[in-house]
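Each reported figure results from applying straightforward, stated rules to the coordinates on display, with no laboratory input. Only a predicted model underlies this, so the values are computations on that prediction, with no experimental measurement involved. Note that we place each Cβ from the backbone using ideal geometry, even for glycine, and neighbour counts take in every protein chain shown.
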Amino acid sequence: MLRHLIQKEFLQIRRNAFLPRLIVVFPIMMMCVMPWVMNQEVKNVSVDVVDHDRSTLSRQLVQRVEASNYFVFNGQKPTYEAALKDIERMDADIVLVIPQDFSRDLTLGRQPQVLVAANAVNGTKGSIGGAYLSQIVTSHVNPSVEALQSKVSTLFLYNKHLNYKVFMIPALFAMVMMLMCGFLPTLNIVAEKEAGTIEQINVTPVPKWAFILAKLIPYWTIALFVIVVCLLLSWLIYGITCQGPVYLVFVLAMVLALFWSSFGLIVSNYSDTMQQAVFVMWFFVVCMLLLSGLFTPTRSMPHLAYLTTYVNPMHYFIDAIRTVFVRGGDFRSIVHQVCALSAIASVMMVWAISSYRKNH
C-alpha cells in the first residue's frame, strides 16, 4: 500500500509541468549565483580627500589611500563642505580631512589631528571602511605602529585566504533544503484540498501514518538529489570540497529534510487555501533564517533572541555543516547538533501524522 502511495506522489511530481524543472534549476542557480552575491566583505569604499596642507607628507598619505585595494579614490575636494555634499549625494562613503599644519606637526614630533568622517547609513560599510582608513592614517603618522604590526604574525585557521565563499556555500545548502523540502510539501496537501482529490484518500482505509510517509519520502529523495548537485557544483565551479566525512553532510541533510518536510505538512494540515499556507510558511522561514546565525553570529544577538537558537533547527544545521565542511570535523564534533536536530525533527514528524484529520 505504501509503495503505491509513493508511486502516486512521484507520478504527480513528474506530471507537473513546473516542479521537475524547479527541482533541477533552483539548486543550480543558487550555487552559481548566490556565492558571488552573498558577500559581506567591505570593498570599493569611495573616499574624498580634503588636503589643507598640500605638502609632501600629505601627498604621500593621499597616495597611500589611493593605492589601497579597499578604497576607490574619488578625488580631492577644496573644502569639507564640498566633500560632505558628495556623501549626501551618495557619491562618497568617507571623507579624509588633512589639517593645514599636518607636515609641520609631524616634523616637530607632534600628533596631527586628522578627521575621518564616514557615512554610517550602512553601518557595516561605514565602521569597517573608517577603521581601514584610520589604520592607514595611523601607520603613516606613526611609523613605529606599522613596524610593530609587521612583527605580529596572524594565522588564519581553516580558511587561510579568507575566501567568503568557503563560509557561505555550506549555509546555502541550508537555504536550498529549506525552500525545496519546506515549501513543496506545504503546497502538496493544500493543492489536493483545493482540487478535491484528497477526499478520495479520506474515504479509503489508508492509515494516517502511511499517507504522511508517502508525502514525505519523495521529498527526502529530492533532498538527496539537491545535496549531490550542490556538492558537485561547489567542487566544479569554486574548487571547494568538504574537509570532513562527506557522509555526515548527507546525514545532516536528511535530518533537516525530515524537519522541513514534516513542518511543511503541519502547516498544510492546518491551512485551507494555498495562499494561507504560503504566508504562514514564509513567516516561519524568515524568522528561522534570520535567527540561525547564517549571516551574523548568534552571540551578537540580544539575549532573548539568542535563546530562540536552542529550538531553531536551522541554527544546529548551519553550525554542524560548517564544522564538517570547513573545519573537517568528525561525528564527535557535531553529536550535540545531530541529537538536537533529530529530536526536533522527530517531534515534527509525530505532529505531522497526528495533525492530519482523516474524515471517513
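Taking amide H atoms as placed 1.01 Å from N in the peptide plane, list the residues 5 or more away in sequence, or in a different chain, whose amide H sits under 5 Å from that of GLY75.
So GLY75 has HN proximity to VAL49.
Given +1 on the Cβ of Lys and Arg, -1 on the Cβ of Asp and Glu, and no further charges, what dipole in debye does the stretch 1-128 carry about its Cα centre, rounded to the nearest 20?
1000 debye
Using Cα pairs closer than 8 Å and at least 6 residues apart in sequence, work out the relative contact order for the chain, in percent.
Reported relative contact order: 18 percent.
Two decimals, Cα atoms only, Kirkwood Rh: what is Rg/Rh over the stretch 45-150?
Rounded to two decimals, Rg over Rh is 0.96.
Could you give me the ³J(HN,Hα) list for the stretch 237-249, computed from phi with Karplus coefficients 6.51, -1.76, 1.60 and θ = phi - 60°, whole Hz, x at Gly and Pro?
Along the stretch 237-249, the couplings run 8, 10, x, 9, 10, 6, 7, x, x, 5, 4, 5, 5 Hz.
From the cross-link list LYS43/LYS85; LYS165/LYS193; LYS43/LYS77, which pairs have alpha carbons spaced over 32 Å apart?
LYS165/LYS193
Say a paramagnetic label sat at a point 7 Å from the Cα of TYR164, along Cα to Cβ; which residues of the stretch 24-68 have their backbone N under 17 Å from it?
Counting only backbone N, you get 31-46.
Quick check on the stretch 45-150: of the DSSP beta bridges with both residues there, what percent are antiparallel, nearest 5%?
Taking every DSSP beta bridge with both residues in the stretch 45-150, the antiparallel ones total about 30 percent.
By how many degrees, 0 to 90 and rounded to 10, does the Cα axis of helix 313-325 deviate from the longest principal axis of the chain?
Approximately 70 degrees, to the nearest ten.
Can you give the helix-only mean residue ellipticity at 222 nm for the chain, where every DSSP H stretch with n ≥ 4 adds -39500 (n - 2.57) and the sum goes over all residues, rounded to the nearest 500 deg cm²/dmol?
Result for the chain, helices only: -21500 deg cm²/dmol.
Report the charge-dipole magnitude of the chain in Debye, nearest 20, computed about the Cα centre from +1 at each Lys and Arg Cβ and -1 at each Asp and Glu Cβ.
About 1060 debye.
Apply the Karplus parameterisation 6.51 cos²θ - 1.76 cosθ + 1.60, with θ equal to phi minus 60°, to every residue of the stretch 342-356 and state each ³J(HN,Hα) to the nearest whole Hz, in sequence, with x for glycine and proline.
Karplus-based 3J(HN,Hα) across the stretch 342-356 equals 5, 5, 5, 5, 5, 4, 5, 5, 4, 5, 4, 5, 6, 7, 7 Hz.
Suppose R0 equals 35 Å; then what is the FRET efficiency for LEU290 and ARG54 from their Cβ-Cβ distance, rounded to the nearest 0.05?
About 0.10, to the nearest 0.05.
Of the listed values [x] 27.5, 95; [y] 20.4, 72; [z] 50.1, 170, identify the label whose number matches Rg and Dmax of the Cα atoms in Å calculated from this model.
Read-out taken from this structure: [x].
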